[in-house]
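The values are calculated or read from the model by the stated rules, or taken from the named source; none is laboratory data. Since we're looking at a predicted model, the values are computed, not measured. Cβ atoms come from the backbone with ideal geometry, glycine included; neighbour counts cover every protein chain shown. Calculation scope for accessible area: heavy atoms of the full protein, side chains included, ligands and nucleic acids excluded. Shrake-Rupley method; radii C 1.70, N 1.55, O 1.52, S 1.80 Å.
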Amino acid sequence: MGELNWAGNHEYRAARIVRPESVDELRELVVGARAVRALGSRHSFNDLADTSDLLVSTAGLPASISIDEEARAVTVSGGVRYGDLARELQAAGWALHNLASLPHISVAGAIATATHGSGDRNGNLATAVRGLRILTASGEIVELRRGDEGFDGAVVSLGALGVVIDVTLDIRPSFDARQRLFEKLPWEAVTGRFDEVTSAAYSVSLFTTWEEDTVALAWLKELDGGSPIGDDFLGARALTEARHMIPTMDVRNTTQQLGVVGPWSERLAHFRFEFTPSNGAEIQSEYLVPRPRAVEAIEAVRALAHVVAPLLQISEIRTVAADELWLSSAYGTDAVGLHFTWVRDQAGVEAVLPALEEALLPLGARPHWGKLYLDRDGLVPALYPRLGDFRALTERFDPEQRFRNAFLARLLG
Ligand SMILES: Cc1cc2nc3c(=O)[nH]c(=O)nc-3n(C[C@H](O)[C@H](O)[C@H](O)COP(=O)(O)OP(=O)(O)OC[C@H]3O[C@@H](n4cnc5c(N)ncnc54)[C@H](O)[C@@H]3O)c2cc1C
C-alpha cells in the first residue's frame, strides 16, 4: 500500500513523494519533474492533489510567520498549519477573521480549495489573502498582490499554477468569542426564518442527520461584548453540557463551549489543535448553494433523508459571504454550505452522491473542491463563469501543463 491522504480514502498514485527542506531544493525538484503537484497536510478527500510523477510535500519547508503590524498583515509560508499561525498571531495580539472547523490544515492547501468556516459576513479563508508568491514550473517565483491582473484567479488555484511559497493575509486586532450550543431547533425555524437563524451570531453552524424532527444542534460562536442570546434560540434549548457534533465521539476533541469566553484562536474552530478533528474514519462531501436557493436545497436534502442518513455520521449547514475569487465556491454570491461527514465507505458514498447531486447541482450548488463529489453529468464547469479565464491563467503560468493532473483535466478539459 502506498501513501494515503489523511482520511485514508485516497492512495496517492504519484511515483514519488518528496519533502524538500529549502526553496532551492524545491525549485530543483519542480523544474526536473515530468508532472508535479504540491501536497499540503493531506486533508482533501479526493485526487485533487495527486499527480503521476512527483508530489512535493510542503511540510518540510522552512516555516516562517512574519507579522507587519503597520500593514495589518501576516506573511506565512504555505505549509504552515492554521493552528500554528493562530497561536502565533494571538500571542502577538492579532487575529484572522475566521477559521475552518479544524486548525490542522495547511494555509496554502486550504486557500487553494476555498476552505471556509461559517458566518453570514465571513468570506472563506482565501478572502483574507492579500498577496502570494508562487514557484512556477519554470522555477521562477511570481508575486501577485490584491488588485493585480490575475490575482483573483490565482488565490483559489487548485494547485494548478505552481507551489505557493508564502501568502500574505489580512489580520485584525485579537478578539474574544464564546460558543453556545442549542439543541432541537425546529425545522420550521430553519426553513421559515433562515436569515434570522444564520445571522444570530458571528458564526452559526447547524448539525443534523436530516431525518430527525428537529435540527439536532445549532452551534453559535458569538463575539464577546455583544448581548448574548438567552437560553431559548427560536425554540432550541441551550445545552448545559458540552457536546461533540458526532454523538459517539469524545467531547474533549472540541473547543471550549458553554459560553466560556476565550480568544478567537481557541473558539472559531470546532476542533482542538491537539486532538483528532471530526472522527478520523470518514469521508466528506460539501455543496455550496447560492444563498437564495438555500431553503429549497435544504428541503431537497430532507426529502432524501432516507437515502443519505444510512451512510451519514453528521451534516453541517453553514454560511459564507460572497467574494470575487474566480474559483471560489462563493464567487459572486453569498453561499450556504451543505456538508456531509460520511462513514468511510467509498463505494457506499459514491452510490448515494448521484441522487444528492441530481437534487443540488441544478440549484447552482458548487461542490467543495477538496471533498468527494462525482459530477457525472459534467455540470460543475458551467457553475464558474470565470473558468475560461482560469484556464488561460494556468496556460500562462504552466505552458507545459506539468501541474495539470487528472482532476484538472476533468474540470478544464
Ligand atoms: C476533518 C476535516 C475537516 C475539514 N473541515 C473543513 C471545513 O471546516 N471547511 C472547509 O471548507 N473544508 C474543510 N475540510 C477540507 C479541507 O480544508 C480542504 O480539503 C483543504 O484543501 C485541505 O488542505 P491541505 O493542506 O490538507 O491540502 P491537501 O489535501 O494536501 O491539498 C489540497 C490542494 O491544495 C494544493 N496545495 C497544497 N499546498 C499547496 C501549495 N503550497 N501550493 C499550491 N498548492 C497547494 C494541493 O495541490 C491540492 O490541490 C476538512 C477536512 C478534514 C479532513
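Structural remarks
- Ranking Leu61, Leu387, Ser203 by how far each Cα lies toward the positive end of the dipole of the chain (charges on Cβ) leaves Leu61 at the top.
- Over the chain: helical MRE at 222 nm, DSSP H runs n ≥ 4 each giving -39500 (n - 2.57), nearest 500: -5500 deg cm²/dmol
- Efficiency of FRET from Cβ geometry, Arg146 and Lys184, R₀ 45 Å, rounded to 0.05: 0.55
- Taking 0.36 nm per residue of sequence separation and removing the Cα-Cα distance, the Ser227/Arg16 pair yields an extension gain of 70.5 nm.
- Relative contact order %, segment 16-57, counting alpha carbon pairs below 8 Å whose residues are six or more apart: 56
- For segment 260-331: rounded, prolate or oblate by the Cα gyration tensor [a/c cutoff 1.5]: oblate
- The length gained by stretching the chain between Gln346 and Ala309 to full extension, at 0.36 nm per residue less their Cα-Cα distance, is 11.8 nm.
- Net charge dipole size for segment 359-413 [Lys, Arg +1 and Asp, Glu -1 on Cβ; Debye, nearest 20]: 120
- Per residue, the chain exposes 38 Å² of accessible surface when a 1.4 Å probe is rolled over the protein heavy atoms with every protein chain present.
- Summarising the strand pairing of segment 101-251, around 95 percent of its internal DSSP beta bridges are antiparallel.
- The chymotrypsin sites (Phe, Trp or Tyr not before Pro) of segment 312-413 include none that meets both conditions, a loop assignment by DSSP and at most 10 other Cβ atoms within 10 Å of the site Cβ.
- Inter-label distance for Arg172 and Asp24, nm, one decimal - labels placed 7 Å from Cα along Cα-to-Cβ: 4.2
- Here is the list for segment 361-408: trypsin sites (Lys or Arg not before Pro) lying in DSSP coil, each with at most 14 other C-beta atoms within 10 angstrom of its C-beta, are Arg376.
- Apportionment of accessible area to carbon and sulfur, the chain, percent (1.4 Å): 48
- Build a GNM of the chain with springs between Cα atoms under 10 Å apart, and of Thr208, Thr191, Thr58 the one that fluctuates most is Thr191.
- Normalising the average separation of contacting C-alpha pairs (under 8 angstrom, six or more residues apart) by the number of residues puts the relative contact order of segment 65-174 at 33 percent.
- Rounded to the nearest whole Hz, the Karplus-based 3J(HN,Hα) values (6.51 cos²θ - 1.76 cosθ + 1.60, θ = phi - 60°) of segment 247-257 follow the sequence x, 7, 8, 6, 5, 5, 6, 9, 6, 4, 10, with x at glycine and proline.
- For the chain, DSSP calls about 90 percent of its internal beta bridges antiparallel.
- Once C-alpha pairs closer than 8 Å and six or more residues apart are averaged by separation and normalised to the residue number of the chain, the relative contact order reads 18 percent.
- Distance from the alpha carbon centroid of segment 151-218 to that of segment 364-413 works out to 24 angstrom.
- Phi-based couplings in Hz for segment 276-283 (Karplus 6.51, -1.76, 1.60; Gly and Pro marked x): 5, x, 6, 10, x, 8, 6, 10
- Summarising the label geometry, the points placed 7 Å from Cα in the beta-carbon direction at Glu69 and Glu212 lie 4.6 nm from one another.
- Whole-angstrom gap from segment 271-317 to segment 1-74, using each part's C-alpha centre: 28
- The alpha carbon radius of gyration of the chain, expressed as a multiple of 2.2 N^0.38 Å, is 0.94.
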